[in-house]
Structure formats: C-alpha cells, structure tokens
Number of protein chains: 4
Amino acid sequence: MVVMTPEATPAQIEAIVERLEAAGVHAKVMPGELTTAIGAIGDPEGVREMGLEGLPGVDQVIPISRPYKLASSELSHHAPTVVEVGGRRVGGGETFCLIAGPCTVESPEQTRAVARAVADAGASMLRGGAFKPRTSPFSFQGLGYEALDILADVRAETGLPIVSEITAAELADRFAETVDVIQVGARNMQNYGLLEVVGKLGKPVLLKRGLSSTLEELLQAADYILKEGNGDVILCERGIRTFDTAMRFTLDLGAVPWLKLHTHLPVIVDPSHASGDRRLVGPLSRAAAAVGADGIIVEVAEDPEVALCDGPQQLYAHDFPQFARDVEAHASLVGMALA
Amino acid sequence: MVVMTPEATPAQIEAIVERLEAAGVHAKVMPGELTTAIGAIGDPEGVREMGLEGLPGVDQVIPISRPYKLASSELSHHAPTVVEVGGRRVGGGETFCLIAGPCTVESPEQTRAVARAVADAGASMLRGGAFKPRTSPFSFQGLGYEALDILADVRAETGLPIVSEITAAELADRFAETVDVIQVGARNMQNYGLLEVVGKLGKPVLLKRGLSSTLEELLQAADYILKEGNGDVILCERGIRTFDTAMRFTLDLGAVPWLKLHTHLPVIVDPSHASGDRRLVGPLSRAAAAVGADGIIVEVAEDPEVALCDGPQQLYAHDFPQFARDVEAHASLVGMALA
Amino acid sequence: MVVMTPEATPAQIEAIVERLEAAGVHAKVMPGELTTAIGAIGDPEGVREMGLEGLPGVDQVIPISRPYKLASSELSHHAPTVVEVGGRRVGGGETFCLIAGPCTVESPEQTRAVARAVADAGASMLRGGAFKPRTSPFSFQGLGYEALDILADVRAETGLPIVSEITAAELADRFAETVDVIQVGARNMQNYGLLEVVGKLGKPVLLKRGLSSTLEELLQAADYILKEGNGDVILCERGIRTFDTAMRFTLDLGAVPWLKLHTHLPVIVDPSHASGDRRLVGPLSRAAAAVGADGIIVEVAEDPEVALCDGPQQLYAHDFPQFARDVEAHASLVGMALA
Amino acid sequence: MVVMTPEATPAQIEAIVERLEAAGVHAKVMPGELTTAIGAIGDPEGVREMGLEGLPGVDQVIPISRPYKLASSELSHHAPTVVEVGGRRVGGGETFCLIAGPCTVESPEQTRAVARAVADAGASMLRGGAFKPRTSPFSFQGLGYEALDILADVRAETGLPIVSEITAAELADRFAETVDVIQVGARNMQNYGLLEVVGKLGKPVLLKRGLSSTLEELLQAADYILKEGNGDVILCERGIRTFDTAMRFTLDLGAVPWLKLHTHLPVIVDPSHASGDRRLVGPLSRAAAAVGADGIIVEVAEDPEVALCDGPQQLYAHDFPQFARDVEAHASLVGMALA
C-alpha cells in the first residue's frame, strides 16, 4: 500500500502506478478524502525492496502482508507443530515441557546432582551451558566440548534429553552428534549464517527471541531455519530490553498468546534469564503455564552462590519439586500434562 | 556512593569529602584497585541534589538507597496493606479482585446490561469511563458527570462498588462524592498536582503505572498520595511502551512479584489496555492470577463492535462467566478467592 | 485500510463492507494474492473507533492518514509558523532562539546574575523554574509565585522575555499575566485538561515532548492547544526514554528534521535535560543548530554545585559566552542568526 | 558494592564479608542510616560472578567499576587512538572521515559510477555491501565474493580504501585479503566468535553498535577485538531501537561525546541506516560533524529507486558534492578537515 501526500499530482500518482506495473505488480488506485492510496497486489517482498518511499509525492509505503512465511499459522492451516524429543512432545496443547538444569556445566558431579534432582521432580529435559556467550571477554566462557560429554553421560544415566546452546557454526557437527535440542541464543537470533547451518542439522532447534527483536523478526528468524527443511523449531520468549532496570529484562508473556495466533510453532518461556532473580522465577513460571506456553526452561543449582555464572537467578535444587508441582497445577488447568 | 575517576587526585577526593561533611553527611573514603569510592551516609535525597557529578575527579554518583519511602515494604515491616471497598478486600493475599465493566459509559441501558452480566459472574467491582483521556482532541471524550450519575444508579441496582478515572483536579469533589475507587490513569501518573488533590479525598485510589514509568517511579508517585494521609492506594500494571508493536503495549507481569517484594500496597493488572486485543485478555488474565496479582481490571461489552472506544479489546459479555471461572481457578491455586 | 486474514470468507468480507457503508464510509475491496484488503475512504477518526479488529475474518486495521490535523504541514501549505515573543522570532528558518537560565529560580541575586551573563552573551530569552515537577514528593519543588515575581523583575532589568513551566491548571491566570512563554513539561504533555487551559490563554506555549511520546503523539498534543485558537506553539525535543542508561535520556535529534517535514510549528531542543551532564551540552547544542532546530533551551548557573536542582547538567555562566559563539557559528552555517 | 536490606542481621552481614574475603576480595562495611553497604575492593569481575544478590539479607549488588577495560580512555591515558587506512587518519580530532558508497554492490558499472562521484566530492573511503544480513531469508543477500572483487577493482581505479561487512567467520580470509576496513554489523555486535576471528586478522575493524546495545556493551564488544591484539577499532553509532516508529531507528548522537569521554577509540556515525530516509541524512550528517564525530558513513546511489536494497535512505549521487561541502563546513568549525 503506497500512500501519497495530499499534494501529490496526478502525474506523480501515474508514475508510481507505472513503476509498479513495470515490476509486474498489479496497482489499484484508491482516491481518498485527503490522500490517494495505491494498492500493490502481488509480490510484497518485491514492492518493499523498490524504494518507492523516496519518490516524489509518496508519503509512506505500508506493508499489508506479514513478513514471515514458513512460520505463519496460515501455512499449516492452523494445525500446531509438535516437536518430538526422545519421546517428549513439545507443542500441540496437551503437554507442558519442563526443561531444567544448571546455567553452566561445571563438573560431572555438579551436573549429575542437578540432573537427578530435576528428573526426580518430573522434568522433561536437561539444560546445561557448554559454550557461554559472555558480554565481557574476561568472563568464564564454559567448558566447551568437555561439557557436551558430561551432558551426554548424564543423559545416559537419567534418560533426560539434553539442550545446549551453540555459539558458532564450526561447532555444528559436534552439537548435532551429541545434543538433542540445539539452542540458538538471543544474541545470535539474527546471526543468519548460524541459523542456516543449524537448519541443516536435522535436529530440533530452540530459538530464543533477541533482546530487542520484534515478534515478527523472531518468526523471520525461524523462517531461516525452516527453509533449510528443518521443521522442528521451538520458539522461546526470554525477556526483552526496555527502559526499566528493576529487573534484568522485561518478560513479555503476551508474546505467547500472540505467537499462538500467528505461528504453528511451539512456544516456551525462560523466566530465569528474563528476571535474573530467583524470587521471581516461581511466579513467572506459573504465569507462563497459565498464559498457555508449551513449556518453560529454568536454571537450577544445588548451591547457586558458588555457581560460576548467573547465580542469583538459579532455583535451589531442594526447592525444585515444589516449584514443579506448582507449575504443573497451573498447566493442568489449561489442559496440559508434564511432557 | 560517589565514585571517583582513576585519575582523581587526593585533593579532589578531599574536596568531595569536605563538601559532603559541610552538608552534614558523613563521608567514608574507600580506596579501590583502580578508583576510589566515597560512601555518603545520611540524607540520600540531599546527596542526590548536590550535583557532585559535575565536580572535578568525579566519575559517577550511584544511589544506594531506594528513592521511595512511604510505599516501601520496609515501612510496613512487610505487612501488606488491605484496601477495603464496600466490603471487598483488595490486597492481603486471600482475595482476588475482579473489576470489570464497559470502557466508556455510553448510556444507562448499556451500563446496566454489562454491570448485571459481570455481577452475575462474580465480579467484585464495576469499572466505567466518564472522562476519557484521548490522544487526539477530535475523539469522543466521554459523557462526563452524566456518566458518574449512571454509574451511581447502577451501583444501587447491583451492589457493585464503582471505579472511574479522574482526569483533572477540578473534578475531585464530584468524584469523591460519587465513586468508590478513584482511578488515576497512566498519562497522569506524574501529574503531581492531581496526585496531591486525590490524596486528600479520603477515598481509595487506583494508580496506574505510566506508559514508560519505572517501577521505582510508580512507587514515588504512590508516595505523593500516601504523604497526604491516604493509605488506600492500589497499584496497577497496565503495560509499558517498548520497541515492539505487535501488541499495543507490553504487559510487564514480572512487575507484580517485584512490587510484592518492594511495597506493601496491593497490585492489580489491566490486560485489556495492555494488549488491545480481546483474544489475549483471557490468557493474560489467567497469568495475572498465577503470578500473584491481587486482582485484574478488564473491559466488557455486550456488542464491542459498536462501542465508542477501544472495541477490539473488550470481552464479550456472554463470554465473561467462563472467563471469570478460568481466572478464579488460577487464583485459587495461589490461595485466593474472588473478592 | 482493513486487512482480512487469508481464510476470511466472502461473507465476512461483505459484513465489513456493510458495516463501513452503514457508517457512511465508502469501502473499496482489493483482493490480493493471499489476503483481501478493504480501503475505507472518508472519516479516518471514525473508522479507527469502530473496533473492526475484533470482527471475524479481520487481521488488522492499518491507519493510512496521519492522526494529527491542525499541526500538520499540509494544513499550512508548508509555510512555517513564526512565533513572536517580545520582538524575537522563533521559527521560519532565519533566526535561532537561544533560551538560557537557571534550572530553578532560587533568589533574586542568583537569577539576576545568570540573566545578565546570558543576556550579555546574546541569549534570546531567559528560562527559570518556579514550580518544579519532581519525581519524589520529598524533593525541593520551587519557590512558586515568588519565583515568577523574581523573573518579572529580572525581565525589566535585562529586557529578556521569560519562559517558565506551568504544572497545574489553577496557576494559569498568574502565568498568563507574568510569563512570556508558558512551558508545558514532558510529564504533562498528555495532561489534556492542562493543554486546553493553556490553549485559551493567548500566550505562546513551549510544549515539551513526553518521555516516551511518539512524534505523532506530540503533534496530537499540539492539536489540543491549537484547537483552542492559540497558534503560537513551539515544540521541544528533550530526550526520550530508552534502554540505555549511559545518559539520562536519549536526545532524538532526528526528530527535528522529521518534524520539519510534518509540521509547520517551530522546533527547539533541550540538551540539558536530555543528557543530564554539562560535558555533553556543548556538543549536543552545536548538533541541534546543525540539524536545523529553531533554537535550544539550556540551563546555566554561576555555581552549579550549590544549585538546588539538576546541578550536573547546568553550564557554568563563565563558559556561556564561548558556548553561545560556538552554537551561533553552526546556526549561521544553516542560514540562521541569533534571535 | 553490596547493599543489604534494612532488616539484614549482623550475622547476615558477617556472612557476606566472609564470603568476599574467602574469594580474596577486601570487604569494607559501611553502616548507613537505613541500610548497610559493603564495599568489595579488588577483582570486580569476580565479585559480579559471585551471585551475592541471592543471599539472605542482600538487597542489591551495584557495580562501581566500569565493565570494559581495553577500550577505556583511562587505559590510553586519554590519548586518542588514530586508525590509519591507506593514508587516511580516523580519530585524533583533526580529520573527519567521509565514507560513502552504494548500499549493495550490484555491478561493476554501478559501483564504479558511485565511487567516482563520491571520490570527486572528497570522500575518504568507499563502502559497499557484498554479503547483506537480511531480516527475511527471502530477500536479496548480495553478490558475495564477486562484490569483493568489484570493490577491489574500483579501489584500483579511484584510490579509495574499501569498507565492507563480514557476516560469518568462514569469510575472514577473503576479507582480510581484499578489504581495507572490515565492518562488523549491528546484528553481529555480540557474535563473540566472529569478533575474535576478526580481531586476529590485523586489519582495521568498523564495529557497529547493536540495535539495542548499551554503550558499555559496545565497549565490551570492542574489548573482544582488542584483546586479540588488534588496536585498530572504529566504533559506529547507527541508531538504536526505541518505542518510536516515526523513523527506522533513533540516532543517538549523544553517544558520540559520551564515548569520547570514556574510550580512546574513534567514533563515526551512520545516519543512513538510522533514519531510513534520505531527507534526514543531510541534517543528521551535519549534526554528526557538529557533535564531534570522527566521521560518517552514508549510502549513495545514482538511481536509488532501482537499487536492490534500502533505496529510500540512499543519497542521490548528484546531490553528494553539496552534501559533502555542508558536512565539511560543520566539521571545520570543530577543527577537523576531511580525511
């Protein structure tokens, strides 16, 4: 939709129409009270690229169609995608996926202890950081491949599928071999090269929303993975950056029902990174279940105060069973059982 | 806390100490690895006003104490305030306050019909706009005093206490006479003259968070009312302005547990204005109950499509009973019954 | 422009058309590749109020026309408004208005000293706070009417017109009597009652952009004043609230040329409140001149360290002459002389 | 600085002190009027990692020292870094670097024509996109290596050093061979793997601020490159994401003088991507010169309406000479000549 300024001349309007039709797009002129609008029908991507905003007499070009394609709910005729991971179902509205584990894998003992605690309390999968993207180059960056091996060992013991974050394309093969769900972190949501590599691995992908990404951009990022033929994408709301600094990020729980309207992909919530404060993780996790999320991903530690990273946001392992029961109760009210 | 630059000279440090002590504040010098910090003990408000950031050798002045006083949970020794309105209790953790009604009072018939529907479904109070703050001066601004009279009549019929928004100090007497809870809207949260007038009326006040107000500023605004001797202030999270335009505002549900930690005042949530879309109001209301809010305030209409304002966000009256039951179920999981 | 979902049925499309035409709006159906759009021609305000987003088959309602009217540049056929204040011209592209003075009027001596310093350096007007809107009710709130009297005395001595902020409608008469330009502060930009009162006073108004107001909302707020018959409105960009906390606010200098394209009203810039740091006020003031603003408003003090408010952002009076010459040089490059 | 809650017990305070001292950090207890603060002296990074916020009695942990190291102005004793590129100097306050060229390299003819136009008008370097990071996977992504070859040919003809954006680590060798300044785009500012790879190439790097990155995070990202031994980093402010959608991004010109205070690295400005509108590029470029930037980077095209990307923000090549003269005039007022 091209909107002309009130002073646009008939010749200027005609020039736009010609340009559109030369590009193979059908143009429909709609004279209004104050301004004339020109509907451009066909190839929306092409129209956006034409740069018509710069032409004489043009006030604005307003996109009418949604910018994402493969992730849109229309594409699946509103049937939700269900991602299967080691027998757990994510998406579909009947199961709630409880992913829990340490922020960072620090040792086999620490990882095993947390894994057992969360498995006993009904967790669906185990999370654990191997490669940590850190804002400062002088912070602890994770154990790397050693951490992946530890996670694999703990999976063998507990049966929990493992989720870990990939931070660079060259790690792809080892991740594809070892982990069950490959996480793309918020800071890499628009690292398009990485998205394409991950899209080719044939493994479920957990795609976190960027710190300041719109929901439409999140779905466009999902399109990067989906177009490589990998349909197993799980979206994750993890808090956005706003003006308020009371909490680390602002958890956008409205994103969950909005995404349910606009995409067929499952949507989970990460309340640990959003709030940065364990006292808020319980309430926000219950709210995530009540709002209709397909799951949550939370951090748990036996002794968060000695954790090498993000201690204050990690739940105490000894509180986890009660936490899980509370979340489960809210999930069951909206018809979901723990995956 | 005054932090000096790494190059600050001893004379510059001494100058700051002298200035603080001349103002009656005790100064404690803390030499660090790279920089020296000076703790200023006593009168934090005064230190903030001193403008030390501008002095030679000063890098930053970091406030250590919280900027709000009367609203702080320490002041009440963590005992929550309970606001009583016509027998309904707001706050305290045992009751959930369900406030519902039309966006705008348009006629006695319309208001009565909605009021009966929400009363039958268990609502605690009736909301209705009399004076509407509108972004454009050319939009419908409400029926004014006539609307207050209609609300009072409907209260007599249904027994529901009434909530309505005040938009200017000169309306205060009529509001104090007629309504049960006086709402201060988001756009007036920092209209300090209005806050002081409202604080003197001796009526419960519903104070909405500004579109871009931090939680600390919300509590400072509450301080304006509290210092007039009115302790009956109910806070309301109603969505903040962020970069994302998928929804009208971003509902900050994390604000609820954060406020529960930092203030003794009750906190409710307005999912209608936040989302601007009725399809999101149900999920967000359930989430508000799950996250521990003391209530919600929602808009309801018999025929939203002909409403004079904010149609798309209003719940259908015929859906309200099921909506109320769903919210109530989540509230009861956290130990609260409808007020 | 009403955009239907891809699944919208012909009956749903027809229902929208009927509703629009029943409201006296001409509807034009535009079938597209994926979705159908319906152009609504006539009464845009009315269409926005209809709440069509909530109807079956509707995806989104996209406003095509701009929401402000009286402030729009089309209304004045792109002729800029020039506001005359005591012989100084604000707007029109030939004069640059340099408004300077203390944050707060604290005493006749302090005010006089600053006024002389800025008058000698070529300032166009004197600013000074009488009623200060303060985030905390426990902060210094200004001398009130006494300050207005001090400003009037200093005007008599220096010949500088005076600018001061009004914070409540009941102060209007005294402001109209005493000050030359009535400032409406950022926190009151959407205090519509105050805007209407100020619009009736027949005095030039300096309208500051709200902390999180869009530029369209700023122009709609100007409409509130303009519709009362007062055409002398000066807009002021003073920094917006963003995620970054390095500076107090983010000065949006791009707003100046954007506003020049879309409104006929003059636009000035306040770099003092935006940055909160005098070291940034010089560069940002030069940039304001270079970007095409019609003026700036800055805070100046003889001894900012003892000022009762906002010390760190105030320029030293003894630096002001050089500051003024630097700003003037950039203004003259874009064809403007000091007003 | 660890701030305790008002109710913190002496035992809780003691526990924090012990934990700090066990970690080798000196702790200084500062009892205040309401709360006690504990200064932690030494290893700030370590203290941040300790997760003390989660411990009983702790209200907040406030960092006192700046989180970036190698980029800080103290490190260079406030001597600015000057990056030399093919005889042009970026940084140091005497030269203003004017980088211009097409958004995307589309053909040898198009690139050569623009390069000649900007070279004739005094440009310092040529920019041109080879690999374009696009939000949608269905948009044109650039000519890739072919574009690098075209740029190299045009450099041979015009003598202009070339700047192009790298989007993935595997492209590093070809970029190091061919381009003079390797640009890291906003979406990759926190792609730490890429930063480290680029840091090892021994070529000047142009690091753009992320869409929602704080200035401190920008300097921490620079630290990633600097710690690899590459000191030639040029920072670039290119607009941040805010609530306002009038322009594509909000150009944060205050960032320039703030960065000048806090880092020794040169700072340039990209007004084309920030505004997305060529009518704003001229004013914002002049403002960038006036505010003290070390240069600008702008997009230029002969016929922007047929450009494959970002047409509306590209300057017309025939307007460029006047544009360059205007910017140069403002730069010369602050003592800088075109590089």
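The values are calculated or read from the model by the stated rules, or taken from the named source; none is laboratory data. Values in this document were obtained by computation on a predicted structure and should not be read as measured data. Positions of Cβ are backbone-derived with ideal geometry, glycine not excepted, and every protein chain shown enters the neighbour counts. The accessibility values were calculated without ligands, DNA or RNA, using every heavy atom of the protein model including side chains. Shrake-Rupley method; radii C 1.70, N 1.55, O 1.52, S 1.80 Å.
Shape descriptor for the range D:161-263: Rg over Rh equals 0.98 (Cα atoms; Rh from the Kirkwood inverse mean 1/r). A simple spin-label model places pseudo-atoms 7 Å from Cα toward Cβ; at B:ALA11 and C:ASP120 they are separated by 2.7 nm. The mean number of Cβ atoms from other chains found within 10 Å of a Cβ in peptide D:326-337 is 3, as a whole number. When A:GLU14 is represented by a point 7 angstrom out along its Cα-to-C-beta vector, the spacings to that point in the other copies are 3.8, 8.4, 9.2 nm, nearest first. Against the main long axis of the alpha-carbon atoms of chain B, helix B:320-333 sits at an angle near 40°. Other protein chain C-beta atoms within 10 Å of residue C-beta, averaged over C:181-189: 2. Only Cα pairs under 8 Å and 6+ residues apart enter the sum, and on that basis the relative contact order of chain B stands at 18 percent. The C-alpha atoms of chain A define a longest principal axis, and helix A:215-226 lies at about 80 degrees to it. Ranked from shortest, the separations from the 7 Å Cα-to-Cβ label point of B:GLY46 to its equivalents in the other copies are 3.8, 6.4, 7.3 nm. For C:VAL298, the residues whose amide H sits under 5 Å from its own are C:ILE99, C:ALA100, C:GLY101, ignoring neighbours fewer than 5 places away on the same chain, with H placed 1.01 Å from N. Rg of the Cα atoms in chain A, relative to 2.2 N^0.38 Å, amounts to 1.15. With R₀ set to 56 Å, the beta-carbon distance separating A:ASP149 from D:LEU75 gives a calculated FRET efficiency near 0.90.
Ordering B:19-31, D:128-140 by mean Cβ neighbour count within 10 Å, with the highest value first, yields D:128-140, B:19-31.
Placing a pseudo-label 7 Å from each Cα along the Cα-to-Cβ vector at D:ARG112 and C:ARG325 gives an inter-label distance of 5.1 nm. Relative contact order, whole percent, for the range D:51-138 stands at 20, derived from Cα pairs under 8 Å and 6 or more residues apart.
Normalised per residue, the accessible area of the protein assembly as shown is 31 Å², obtained with a 1.4 Å probe and no contribution from ligands, DNA or RNA.
For the protein assembly as shown, the share of accessible area belonging to carbon and sulfur comes to 51 percent (1.4 Å probe, ligands and nucleic acids excluded).
For C:GLY86, inter-copy separations between label points set 7 Å beyond Cα along the Cβ vector come to 5.4, 5.5, 7.7 nm, shortest first. For C:ARG89, the amide hydrogen comes within under 5 Å of no other amide hydrogen, counting only partners 5 or more places away or on other chains and with H modelled in the peptide plane. Taking a ≥ b ≥ c as the square roots of the Cα gyration tensor eigenvalues, the range A:53-108 comes out oblate, since a/c reaches at least 1.5 and a/b does not exceed b/c.
If you average the sequence gap of Cα pairs under 8 Å that are 6 or more apart and divide by the length of the range C:94-247, what percent do you get for the contact order? About 16 percent, as a whole number.
Axis between D and A by rotation; chain D residue with nearest Cβ and distance in whole Å recorded as D:SER212, 2.
Accessible-area rank, largest first, for B:LYS227, B:LYS200, A:LYS208, D:LYS203: B:LYS200, B:LYS227, D:LYS203, A:LYS208, with all protein chains present and a 1.4 angstrom probe. Quick one: Cα centre-to-centre distance for the range D:90-165 and the range C:64-79, in angstrom? Between the Cα centre of the range D:90-165 and that of the range C:64-79, the gap is 39 Å.
Cα-based radius of gyration for the range C:1-91, normalised by 2.2 N^0.38 Å, reads 1.55. Shielding of peptide A:128-138 by partners, expressed as the average count of other chain Cβ atoms within 10 Å per residue Cβ, is 6.
Taken over the Cα atoms of the range B:16-142, the convex hull encloses 231 Å³ per residue. Helical content of chain D, expressed as a calculated mean residue ellipticity at 222 nm, amounts to -10000 deg cm²/dmol (DSSP H runs of 4 or more residues, -39,500 (n - 2.57) each, divided by residue number, nearest 500).
Full extension of the chain segment joining A:GLU18 with A:ALA176 gains 51.8 nm, where the gain is 0.36 nm per residue of separation less the Cα-Cα distance.
Tilt of helix C:108-120 relative to the longest C-alpha principal axis of chain C, in degrees (0 to 90, nearest 10)? The angle comes out near 80 degrees.
Calculated FRET efficiency, B:HIS318 to D:THR245, Cβ-Cβ distance, R0 = 41 Å: about 0.70 to the nearest 0.05. For the protein assembly as shown, the Stokes-Einstein estimate of translational diffusion at 37 °C and a viscosity of 0.692 mPa s comes to 102 µm²/s, using the Kirkwood hydrodynamic radius over alpha-carbon pairs.
Separation of the alpha carbons by more than 18 angstrom is noted, of A:LYS28/C:LYS28; A:LYS203/A:LYS227; C:LYS69/C:LYS227; A:LYS200/A:LYS260; D:LYS208/D:LYS260; A:LYS69/D:LYS132, for A:LYS200/A:LYS260; A:LYS69/D:LYS132. Computed from protein heavy atoms with a 1.4 Å probe, the total accessible area buried between B and D is close to 2200 Å².
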